Amino acid sequence: MTPTPARVRFAPSPTGYFHIGGARTALFNWLYARHTGGKFILRIEDTDRKRFHSDALQDHLQGLRWLGLQWDEGPEVGGDYGPYFQSQRLHFYQEWADWLIEQGAAYRCYCTTDELNEMRDRQRATKQKVGYDRRCRWLSPAERAAREAAGKSWVVRLAVPLEGEVTFHDAIRGDITYANAQLQDAVLIKSDRWPTYHLANVIDDKMMKITHIMRGDEWLSSVPLHWHLYQAFGWRPPVWAHLPVILNPSGKGKVSKRAIQTPSGATIPVFVHEYQKMGYLSPAVVNFLTGIGWALDGETEIYDRETAIAAFDIHNIQASPGAFPTDKLEWMNGMYIRQMSTEALLSALVPFLSEQLGVEAETLGHDPRLRLLAPAIRERIKTLRDAAPLIDFIWAEDVPIPTAKDLVPRKTTPEQTRVILAAIIERLQHLCEWSEPTIETALRALVGELGVKAGQLFNPIRVAVTGKDVTPPLFVTLAAVGQDVTVQRLQRALAVLTG
Ligand code: GLU
Ligand code: ZN
């Protein structure tokens, strides 16, 4: 059965950077749009002028593109239902608010901040429920006219039914009921004539023909109010589907706006661009995020987006909260790195190495030594950032001169090591072809001839040539370092032992 094409939206407010939880919301919407052959719409809910953050928009656009979640309608791409910035749609909200007032479903409230504060103080003092007491809802036409004539400023409030209850259906959570008495006469238009989230969100979902609203669980409590708005407008609401919250790796507490708390008490970043900077691959992040609140089959962890698109459905999203297992993300990223072609790995590594080693990207891109080493470290890195410390000796001006202690392996005497090093130099110096297999053949033969253990011969070479005791596999490392430099560094080490 082919599903009806859905129109879904991701509706961030540009009040902060693109959060990894927001990315999960965007991803689920995108998956559902692709699954149904529908449209993924990006709408910018920029009506909160006080919290507006000028870099936030670009950060969201860049992050969505990095994740490969291209929107079909929205900023920079347009579409038939624009504008896609709420700040450019103010006239719609004002017109609809006026219409609601005419219908008697909303009203102007003229209360000043002082009056509202006073009201709250009194409610607290007399242990009453704190909230707007609806005094302006009951004003007579004459009282209203007087306030208008006096030029009093106003907000528009929704006249919520005082009794009864509202029951709505959520595709993930099932039926949910709220008592109307719990609701406030929420503000729809603020005194500066800008709409609140509630009004703008409902109007735009209607005007943009949104069929399914998939968003974070924290918006669930806004639904009763939205339900009344749909009712007042005489519109049929879209399907609601509130996604489960994302918990810290320990399963304790929600991931916050600023950080993820690891069980050890450390914190991990939450912004999408930080994951990019830490050296995660976008397909790995996407794969990982699909697993928070959804599962392919409960077994397969690694799958591509086509597989996820085919299987994704709102009805198999879990209602229970999902944790953010950071070690799984690392593992997954490592798996994705292993699957990369050498070309893809090289181009992914270059910007990181360039930044970390201070070598120009252009130069690195053409460096045959990197081409040799990249496949050799593929299995040893979990993020793109892990590569530099493994291979930095290639581009270092020099490596530290080893001490005798560094050079002499366990159960070997300095004199034995000296003899071994001299033999290695002799052999490598005269090697006609300098390549991984020829180096390997020469050194393995030498191990046999000298009757030593492989480690007694390989370890001093590693330390002498790279200044490290952990490196990519030895033969390819030497091939990359080059014959002259290798021999020269071995001679220097020999001098240390002879010294
Ligand atoms: N602008 C809201 C946010 O920042 C959108 C909530 C919704 O999707 O309705 O998350
Ligand atoms: Zn009032």
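Residues in the range 239-253 that are over 30 Å from Lys206 (Cα atoms) and touching a residue at least 60 places away in the same chain (Cβ under 8 Å) were compared, and the one that is least open to solvent (accessible area, probe 1.4 Å) is Asn248. Just one of (1) charged (D, E, K, R); (2) open to solvent by less than 20 Å² (accessible area, probe 1.4 Å); (3) within 30 Å of Lys152 (Cα to Cα); (4) assigned to a helix (DSSP H, G or I) fails for Asp46. It is (4). Listed by position, the strands (runs of 3 or more DSSP E) contained in the range 114-231 that have at least 1 residues being among the acidic types (Asp, Glu) and without any contact (Cβ under 8 Å) to a residue 12 or more places away in the chain are 174-179. Scanning the range 1-22 for residues that are away from ligand 1 (no atom under 12 Å from the Cβ) and either under 19 Å from His60 (Cβ atoms) or touching a Gly at 6+ places or on another chain (Cβ under 9 Å) (or both) turns up Thr2, Pro3, Thr4, Pro5, Ala6, Arg7, Tyr17, Ile20.
Per the listing Ile189, Ile246, Ile203, Ile210, the residue uniquely among the β-branched types (Val, Ile, Thr) and at pLDDT below 95 is Ile246. The conditions of being without any contact (Cβ under 8 Å) to a residue 60 or more places away in the chain, open to solvent by 10 Å² or more (accessible area, probe 1.4 Å) and among the β-branched types (Val, Ile, Thr) are not met by Thr403.
Scanning the range 381-401 for residues that are part of a helix (DSSP H, G or I) and under 24 Å from the mean Cα position of the chain (by Cα) gives Leu384, Arg385, Asp386, Ala387, Ala388. Looking at the range 437-467, which of its residues are open to solvent by 50 Å² or more (accessible area, probe 1.4 Å) and either within 21 Å of Leu390 (Cα to Cα) or in a loop (DSSP other than H, G, I, E, B) (or both)? Selection gives Glu440, Gly451, Lys453, Asn459.
Filtered by the rule that a residue be within 20 Å of His35 (Cα to Cα) and either in a loop (DSSP other than H, G, I, E, B) or of a type in the set (D, E, K, R) (or both), the range 51-82 gives Arg65, Gly68, Leu69, Gln70, Trp71, Asp72, Glu73. Evaluated against (1) away from ligand 2 (no atom under 16 Å from the Cβ); (2) among the aromatic types (Phe, Trp, Tyr); (3) open to solvent by 40 Å² or more (accessible area, probe 1.4 Å), Trp138 falls short on exactly one condition, (1). Among the residues of the range 88-106, the ones that are surrounded by fewer than 17 Cβ atoms within 10 Å (Cβ to Cβ) and either under 35 Å from the mean Cα position of the chain (by Cα) or at pLDDT below 95 (or both) come to 3 in all.
The values are calculated or read from the model by the stated rules, or taken from the named source; none is laboratory data. Treat the numbers as computed from the prediction; the structure is a model and nothing was measured. Glycine also receives a Cβ, built like all others from the backbone with ideal geometry; neighbour counts cover every protein chain displayed. Just so you know, the surface numbers come from the protein's heavy atoms only, side chains and all, with ligands and any DNA or RNA stripped out. Shrake-Rupley method; radii C 1.70, N 1.55, O 1.52, S 1.80 Å.
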